[in-house]
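Enquirer: Just passing along the structure, written as structure tokens.
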Amino acid sequence: VVSSLLERLASGVRTTVSQDARFVLDAPPDIVVYADERLLERAIDNVLRNAVQHGGADGEVRLAVRLETRRGDWVTDHVIVTVSDSGPGIPLAERERIFERFYRVDDARSRSTGGTGLGLAIVRHIALLHGGDVGVASTLGEGSRFALKLPLRRLGQVGDSNT
């Protein structure tokens, strides 16, 4: 269940990265995704840690989960997990590159926080492995919002053993 996973990860990030970080969670309690739990945990943890480290360790990080249904030749249901911070934002020219391996927007800042430039590349890889994707929207001086899109599953469907 996505909401309990987010609560657990936020608590872990608060304990290991910054006790001053404030997390606001908006997630329905019954949403389950088709995912390898360990990989999904790693992906969301990477995004949360980035939000705290690059968005201000004493700032607010918002986590939200919403459903998306697309109709056309195929009906597809996805869950969108968003992580938003109030940090400095990411320049437009850098937004797609941040998902490349070893790419860092600000090398000096990444060195001071210990970043390798692999975290968001791993997030994209995990999302794609699950039939989803990840993207970012950002406004300089106001923060960034990362959206992890994964196939949806509701409680009560056949084979409810996944996260």
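The values are calculated or read from the model by the stated rules, or taken from the named source; none is laboratory data. Quick caveat: nothing in here was measured; it's all calculated off a predicted structure. Here the Cβ is made from the backbone with ideal geometry for all residues, glycine too, and neighbour counts use every protein chain on show. We work out accessible area using only protein heavy atoms, side chains counted, and drop any ligands, DNA or RNA first. Shrake-Rupley method; radii C 1.70, N 1.55, O 1.52, S 1.80 Å.
Enquirer: Checking Asp26 against (1) open to solvent by less than 40 Å² (accessible area, probe 1.4 Å); (2) at pLDDT 90 or above, which single condition isn't satisfied?
Expert: Asp26 satisfies all of (1) open to solvent by less than 40 Å² (accessible area, probe 1.4 Å); (2) at pLDDT 90 or above except (1).
Enquirer: Determine, yes or no, whether Ala27 is within 25 Å of Leu118 (Cβ to Cβ), small (Gly, Ala, Ser) and touching a residue at least 24 places away in the same chain (Cβ under 8 Å).
Expert: The answer is no for Ala27.
Enquirer: Select from region 54-69 the residues that are within 16 Å of Val33 (Cα to Cα) and modelled with pLDDT under 85 and list them in ascending order.
Expert: Once the filter is applied, which keeps residues that are within 16 Å of Val33 (Cα to Cα) and modelled with pLDDT under 85, region 54-69 yields Glu68, Thr69.
Enquirer: Looking at Gly156, Gly72, Gly131, Gly115, which one is at pLDDT 70 or above and in a loop (DSSP other than H, G, I, E, B)?
Expert: Testing whether each residue is at pLDDT 70 or above and in a loop (DSSP other than H, G, I, E, B) leaves just Gly131.
Enquirer: Every residue in region 89-103 that is open to solvent by less than 70 Å² (accessible area, probe 1.4 Å) and either under 17 Å from the mean Cα position of the chain (by Cα) or modelled with pLDDT of 80 or more (or both), please.
Expert: Gly89, Ile90, Pro91, Glu94, Arg95, Ile98, Phe99
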